[in-house]
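Engineer: Please read through the structure below; I'll follow up with questions.
The values are calculated or read from the model by the stated rules, or taken from the named source; none is laboratory data. Quantities reported herein were computed from a predicted structural model and do not represent experimental measurements. In this analysis, Cβ positions are derived from the backbone assuming ideal geometry, glycine residues included, and neighbour counts consider all displayed protein chains. Surface accessibility is based on the protein's heavy atoms, side chains included, excluding ligands, DNA and RNA. Shrake-Rupley method; radii C 1.70, N 1.55, O 1.52, S 1.80 Å.
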Amino acid sequence: MSIRVRFAPSPTGSLHIGGARTALFNWLYARHMGGKFILRIEDTDAARNSQDAMDAIIGGLHWLGIDWDEGPITGDATGACKGDRGPYFQSQRRDNYQQRVSALQSRDLAYERDGAIYFRMSKDPITIPDLVCGDVTRAPTDREAKDPDFVIVRADGQPVFHLVNVVDDIEMDITHVIRGEDHLSNTPKHIALFRAFGIEPPKFAHIPLILNPNGSKMGKRDTGASVAYYQEQGYAPEAVLNYLCLLGWTPQDERNIFTAEDVIKEFDLPQIHRSAARFDGDKLKWVNFEHIKGMSNDRYYELATHALTSAGINTSEHPIDYVKAALDTVREKIKTFTE
Ligand code: GLU
């Protein structure tokens, strides 16, 4: 079986550290297995989407070196990946959802009530065979047991997340859904939808949350919660990628410093930790320090020069050997390029 995974962000904010880690784990798994990694923008909720969020997602993935494999030819729809393929945009796939809803209605698996379309949800407990969490059985709550049916198309015609997410996973032949644990509560609905469409659900791997150092859930507004912050603060993308891996995964030899190529060789889903990861900004800084020491000279000069340019210092006004010699004097001292 050829592995097909996807990162399916909603373009509603910055690229969060948690989102970047989800993208990374999907990408690592695809690359490890020789499969395909798909980027799918879940943008059906027009009121909540923004172009800035789109740019942050695409820009952040590019910065980290996470590339995707397929999608429609984009023309200039996304700027950052002009001429490339993909990503897929759900807003361009409405006909598919409409057809799938009609199919459910014609088999009486969905029905109209008050202008909205409801899915007839199973009343039986549903077991999620999760590759990270093990078997998770969710029985409907009392309220759900009375009326477990849920809306799949709103009265204004907008298809709902659960529906579009499952339809696309079916049509994109997704074999493994790797996503944040916050979606575990949605998964019974998704499994029921897969079954209603007569499709064997994909394998699920829900990755534990990322916590702040004090144990609270890392929210969108916490300092350092977005990838852009590290771009601006002088971190090397290879160091951030390295650190994101450590949020929920450990290499067999338990070393802390590695490259994407190293991880691709051994990354697998059962090794993902079951407990939440704590974000440790000091450790990330140390990882960055180690990468700065260990990277090639050319890479060091490239990132350092870029940081100087961002700070308004034009290195091209000086002889290149002078610039390099000056940079060499601080290489073992700086923890970030902004320093
Ligand atoms: N759009 C959902 C999110 O951003 C995708 C969830 C999934 O990966 O299935 O959380």
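Engineer: Looking at the range 1-14, which of the residues that are surrounded by fewer than 19 Cβ atoms within 10 Å (Cβ to Cβ) and either within 11 Å of the chain's Cα centre (by Cα) or not small (Gly, Ala, Ser) (or both) is nearest to the ligand (Cβ to nearest atom)?
Structural biologist: Filtering first and then ranking leaves Ser10.
Engineer: Is it true that Val151 is touching a His at 6+ places or on another chain (Cβ under 9 Å), in a loop (DSSP other than H, G, I, E, B) and not basic (Lys, Arg)?
Structural biologist: Details: touching a His at 6+ places or on another chain (Cβ under 9 Å): yes; in a loop (DSSP other than H, G, I, E, B): no; not basic (Lys, Arg): yes.
No; evaluated as a whole, the condition is false for this residue.
Engineer: Can you name every residue in the range 166-181 that is assigned to a strand (DSSP E or B) and either within 13 Å of the chain's Cα centre (by Cα) or within 9 Å of the ligand (Cβ to nearest atom) (or both)? If you could, list the steps in order and put the result at the bottom.
Structural biologist: Kept after step one, since they are assigned to a strand (DSSP E or B), are these residues of the range 166-181: 176-180.
Val177, Ile178, Arg179, Gly180, listed by residue number.
Engineer: Here's something else I'd like to know. Across the range 15-58, what is the total count of residues that are outside any helix (DSSP H, G or I), open to solvent by 40 Å² or more (accessible area, probe 1.4 Å), more than 19 Å from Asp169 (Cβ to Cβ) and within 13 Å of the ligand (Cβ to nearest atom)? Outline the logic, then answer.
Structural biologist: Initial filter on the range 15-58 (outside any helix (DSSP H, G or I)): 15-16, 34-45, 49-50.
Checking the rest, the ones that are also open to solvent by 40 Å² or more (accessible area, probe 1.4 Å) come to 34, 36, 45, 49-50.
Now restrict to residues that are more than 19 Å from Asp169 (Cβ to Cβ): 34, 49-50.
From what is left, the residues that are within 13 Å of the ligand (Cβ to nearest atom) are 49.
Of the residues in that region, 1 qualify.
Engineer: Can you pull out every residue in the range 238-261 that is open to solvent by 20 Å² or more (accessible area, probe 1.4 Å), in a loop (DSSP other than H, G, I, E, B) and of a type in the set (A, V, I, L, M, F, W, C)?
Structural biologist: Within the range 238-261, Ile257 is the sole residue that qualifies.
Engineer: Follow-up question, since we're still on this one. Looking only at residues in the range 145-204 that are open to solvent by 50 Å² or more (accessible area, probe 1.4 Å) and acidic (Asp, Glu), which one is nearest to Thr44 (Cα to Cα)?
Structural biologist: My answer is Asp156.
Engineer: Could you list, in sequence order, all residues of the range 182-204 that are within 19 Å of the chain's Cα centre (by Cα) and either without any contact (Cβ under 8 Å) to a residue 60 or more places away in the chain or near the ligand (Cβ under 10 Å from one of its atoms) (or both)? Explain how you work it out, then say what you get.
Structural biologist: Applying the first criterion (within 19 Å of the chain's Cα centre (by Cα)) to the range 182-204 yields 182-187, 190, 202-204.
Answer for the range 182-204, where residues must be within 19 Å of the chain's Cα centre (by Cα) and either without any contact (Cβ under 8 Å) to a residue 60 or more places away in the chain or near the ligand (Cβ under 10 Å from one of its atoms) (or both): Asp182, His183, Leu184, Ser185, Asn186, Thr187, His190, Pro202, Phe204.
Engineer: If you scan the range 297-339, which residues turn out to be hydroxyl-bearing (Ser, Thr, Tyr) and open to solvent by less than 70 Å² (accessible area, probe 1.4 Å)?
Structural biologist: As a first pass, look at the range 297-339 and keep what is hydroxyl-bearing (Ser, Thr, Tyr): 300-301, 305, 309-310, 315-316, 322, 329, 336, 338.
Answer for the range 297-339, where residues must be hydroxyl-bearing (Ser, Thr, Tyr) and open to solvent by less than 70 Å² (accessible area, probe 1.4 Å): Tyr300, Tyr301, Thr305, Thr315, Thr336.
Engineer: Related question: Do we have any residue at all in the range 66-86 that's away from the ligand (no atom under 16 Å from the Cβ), over 13 Å from the mean Cα position of the chain (by Cα), in contact (Cβ under 8 Å) with a residue 60 or more places away in the chain and on the phi < 0 side of the Ramachandran plot?
Structural biologist: no
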